[in-house]
Amino acid sequence: MWSTLKAGEPWTALVKKRRKNGDHHWLRANATPLVRHGQQTGYMSVCIKASNEEIATAEGLYRDFREGNAGNRQFHKGLIVRSGLAGWTSPFLTMPARWHIRSTLLLQVPALVGAAWAVGLAGGMALLGFSGAVAALSLRAITKRPCT
């Protein structure tokens, strides 16, 4: 959790907390770093009660990790990800939301160019110009800009 927050990224996971009387309870914890003038100044955390289904799943996972039966599963930024041969799927789970949006936009470029070609925009320079415009607009849309 702390390495994720110190890297400037939000973290969320189920957390098992102990009460003052010794009992425990499960919470879904969400934490995010607070940044002022480009510097991290603290952290904000919001917790909500975990559902019974989330608790049952988490208890099974925690038991597997405690007993060494986690197999090719590991923790990454509060998520359970796979390693080994199935590890190629993990970047899709851990990818920031902005990259989900960017990858969707980038996948649309060849689809739009193909559609333009299919409807008859086959004149060499016209298709090239359209392709360039679509690529330029997509790149502009995915460029990270600070909030104002």
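The numbers here are math on the coordinates, done by the rules we state, and not lab data. For clarity, every value in this text was computed on a predicted model and none was experimentally measured. Neighbour counts are summed over all protein chains in view; Cβ atoms, including those assigned to glycine, are modelled from backbone coordinates with ideal geometry.
Brief remarks on what is shown
- Filter pass, W26 being within 18 Å of F75 (Cβ to Cβ) and over 22 Å from the mean Cα position of the chain (by Cα): yes
- Selection from region 55-75 of residues that are closer than 12 Å to V15 by Cα and of a type in the set (D, E, K, R): E59
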